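A short worksheet on the structure shown next.
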Amino acid sequence: KTTSKSLGLRHCGMRVYRHDSDEPSVMKKAGGKGLSDQGFTEALRTYFSGGIESGVRSRVIEQMIERVDNMTEAVRRVSGFRFYSSSVLLVYDGDPSSDLVDCRIIDFARATVPCVLPGVLTRLSVF
């Protein structure tokens, strides 16, 4: 069971730098496949905590939502394309004093014809 049907997207892994242990916390692709809807939200919370127990990095999330919004609008303006089995790579600087973020569409070998990224925005909006 994956969240592909219920959420329109699936968690395909993550690496979060842990400040308390100086080692990354890793979830591989197989771990993401078994997540429930609630588990998906918790995985995002873990990712955006940046390895800090005191909560999520709100400013990073705000910037990520803005980036995904901009990317969604850009893709909507490109007529004639649909992205199947594509991935959205979400990256941010693990340094708590930095708000540097990046967001990219990757793995779009099966791109055909219109696309939106509603699932990513839906999940990010829980914060």
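The values are calculated or read from the model by the stated rules, or taken from the named source; none is laboratory data. Just so we're clear, the structure is a prediction, and the values are computed from it rather than from any experiment. All Cβ positions, even for glycine, are placed from backbone atoms using ideal geometry, and neighbour counts span all protein chains on display. For accessibility, only protein heavy atoms count, side chains too; no ligands or nucleic acids. Shrake-Rupley method; radii C 1.70, N 1.55, O 1.52, S 1.80 Å.
Pop the C-beta distance of residue 46 and residue 73 into the FRET formula with R0 = 30 Å and round what comes out to the nearest 0.05. Could you put the intermediate results ahead of the total?
On the way: r = 28 Å, r/R0 = 0.95.
The pair residue 46/residue 73 has a calculated efficiency of 0.60.
For region 1-47, what is the accessible area per residue in Å² when the probe is 1.4 Å? Don't jump to the answer; show the numbers that get you there.
Details: 3020 Å² over 47 residues.
Normalised by residue count, the accessible surface of region 1-47 is 64 Å².
Considering the Cα positions of region 1-48, please state its Rg to one decimal place and its Dmax as a whole number of Å.
Gyration radius and largest Cα-Cα distance of region 1-48: 11.4, 36 Å.
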